[in-house]
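For reference, the structure I am asking about is given below.
The values are calculated or read from the model by the stated rules, or taken from the named source; none is laboratory data. No experiment lies behind these values; they were computed from the predicted model shown. Every residue, glycine among them, receives a Cβ derived from its backbone with ideal geometry; neighbour counts consider all protein chains shown.
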């Protein structure tokens, strides 16, 4: 689960100053849900063809 | 109120062909009826009276000269406001496109004009077609003709309300998750979502490559929807998703029976949220199918339990088109929930799309296996009837849902229809009953890809032998003189 701080920095990285504070706050739970969806999708076993087996998909911003 | 306005296209076409009804008088009666009823419904915000009467006069002259073009000749029709008409504004219900004049007819407009239809105007819709209601639109909210305090459904809600209330004999809508079938269900009419690739999307806005979105007819009878399919279906090289398909006469035969038909009745997902009145109406429809000679077979599509996870595989493209507007013209979104959903969509990653696509392929495989066992599947179109516009919560089985939030509204209005968009399969909604509050309940029938004729045949047989069929909604009687 990503922290609020990480979510906020991801939004700012993506959209910079195009959104004001209140817009960023409104967007945060939706982005959080988006990453929760990512986690759920990642939990499926797709067998040997899993994209997990390639490393280019690793997002260094969110992967320790 | 003019009873002629509630005839089927099949009946009206015969009257026009035999010169018992004048297209000019019919068009004028339609315009008068819209003027009376639309202050309540707000379904037809764009009316082109002079152009429509001119087209009706042309139709009348052609028919008088023996040049009858077919069942749509002289018939008043409408189009959802995301389908372009040459020289008219096509707004998608958004202030951003409020002055967007399109320079060509959409393929479906062309085809209906060629068939002689009289284009009355544009039907209201939810902003950007991104919700299963018509609450937010540049033209204001659409109201349900069965109870104006309730939603018409959406996003083709203006089309559903207009056809139900006799403001048009046919309206053409679009359907990415529910948008033809949901308003058809809520307004007590027929809406057909055709197989992906069967009807050209050329001229639909926004011009995305969203393969799961289709254009489809809303009509009062299955026969009328089938007549529309005869005109609308066919390959169009201008639409990259258009597929070549054999020429088919979609009009159901009156002698068609359900004997020997294998009908799937789902054991998972489709009844999870259904309120008792909806569930019992659909199960009663299943018993009617059985009495008419069909075999009812229990079917399960396990991967539907992951439908919400599958959706990222196909929905981000449509939202991506709007990202620039969501960032730079945020104040021009009437429905701010949509704007923020579009912004959040920018955080979907390629790997999410890839994984969701694998889940979708699993669902496709399950559906293929299912359609080896059955010819069609029947489900509710929605888990509830149309909800009240001024109440934030809607009752589903086991609880309440916040229909003011985009996710809650989605669960109530699109959950049962979106699987067939994901699968690209034909699916029709037609009336199968009414709630104790008098609101229509929709039955959804879906079939194999390009098996639209069978879906329409089965729906017509049910409509003819067991279903309630189209009924005039109470709002039109207010104007009965």
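Go through (1) under 20 Å from residue B:217 (Cα atoms); (2) out of contact with any helix residue (DSSP H, G or I) (no Cβ under 8 Å at 6 or more places or on another chain) and name the single condition residue B:12 misses.
(2)
Residue check, residue B:436 against (1) part of a helix (DSSP H, G or I); (2) surrounded by fewer than 19 Cβ atoms within 10 Å (Cβ to Cβ), all met but one. Which one?
(1)
Here are some residues: B:109, B:61, B:40. Which one is within 21 Å of residue B:219 (Cβ to Cβ) and either at pLDDT 95 or above or in a helix (DSSP H, G or I) (or both)?
Just a single option satisfies the conditions, and that option is B:109.
Something else about it: Which residue, of B:115, B:106, is under 30 Å from residue B:135 (Cβ atoms) and under 23 Å from the mean Cα position of the chain (by Cα)?
B:106
Are there any helices (runs of 4 or more DSSP H) wholly within region B:249-347 with 2 or more residues that are away from chain A (no Cβ under 11 Å) and closer than 22 Å to residue B:192 by Cα, and if so which?
So the answer is B:276-291, B:312-328.
I would also like to ask the following. I'd like the full set of residues that are more than 10 Å from chain B (Cβ to nearest Cβ) and outside any helix (DSSP H, G or I), limited to region A:1-41.
Result: A:1, A:2, A:3.
Right, another one. Tell me which residues, restricted to region B:122-135, are in a loop (DSSP other than H, G, I, E, B) and crowded, with 24+ Cβ neighbours inside 10 Å.
Scanning region B:122-135 gives B:124, B:125, B:126, B:130, B:131, B:132, B:133, B:134.
Please verify whether residue B:362 is surrounded by fewer than 18 Cβ atoms within 10 Å (Cβ to Cβ), at negative phi and over 22 Å from the mean Cα position of the chain (by Cα), treating the condition exactly as stated.
yes
Please tell me if residue B:280 is within 30 Å of residue B:230 (Cβ to Cβ) and surrounded by fewer than 18 Cβ atoms within 10 Å (Cβ to Cβ).
So residue B:280 does not fit the description; no.
Could you tell me how many of the residues in region B:137-152 are surrounded by 24 or more Cβ atoms within 10 Å (Cβ to Cβ) and over 23 Å from residue B:220 (Cβ atoms)?
Summing the residues that are surrounded by 24 or more Cβ atoms within 10 Å (Cβ to Cβ) and over 23 Å from residue B:220 (Cβ atoms) in region B:137-152 gives 1.
Anything in region B:102-112 that is closer than 15 Å to residue B:80 by Cα and surrounded by fewer than 21 Cβ atoms within 10 Å (Cβ to Cβ)? List them, or say none.
Passing the criteria: B:102, B:110.
With the structure loaded, tell me whether residue B:42 is in contact with a strand residue (DSSP E or B) (Cβ under 7 Å, 6 or more places away or on another chain) and in contact (Cβ under 8 Å) with a residue 60 or more places away in the chain or whether it fails that test.
Yes: the conditions hold for residue B:42.
Are any of the residues in region B:78-90 in contact (Cβ under 8 Å) with a residue 24 or more places away in the chain, surrounded by fewer than 17 Cβ atoms within 10 Å (Cβ to Cβ) and at positive phi?
For region B:78-90, residues in contact (Cβ under 8 Å) with a residue 24 or more places away in the chain, surrounded by fewer than 17 Cβ atoms within 10 Å (Cβ to Cβ) and at positive phi: absent.
Can you tell which of B:274, B:294, B:225 is within 23 Å of residue B:466 (Cβ to Cβ), within 18 Å of the chain's Cα centre (by Cα) and at pLDDT 95 or above?
B:225
A further question follows. In region B:399-411, is there at least one residue being modelled with pLDDT of 95 or more, part of a loop (DSSP other than H, G, I, E, B), touching a helix residue (DSSP H, G or I) at 6+ places or on another chain (Cβ under 6 Å) and over 14 Å from residue B:448 (Cβ atoms)?
The answer is no, given that none of the residues of region B:399-411 is modelled with pLDDT of 95 or more, part of a loop (DSSP other than H, G, I, E, B), touching a helix residue (DSSP H, G or I) at 6+ places or on another chain (Cβ under 6 Å) and over 14 Å from residue B:448 (Cβ atoms).
Still on this model: Which of (1) modelled with pLDDT under 95; (2) assigned to a strand (DSSP E or B) does residue B:379 not meet, given it meets every other one?
Status for residue B:379: all satisfied but (1).
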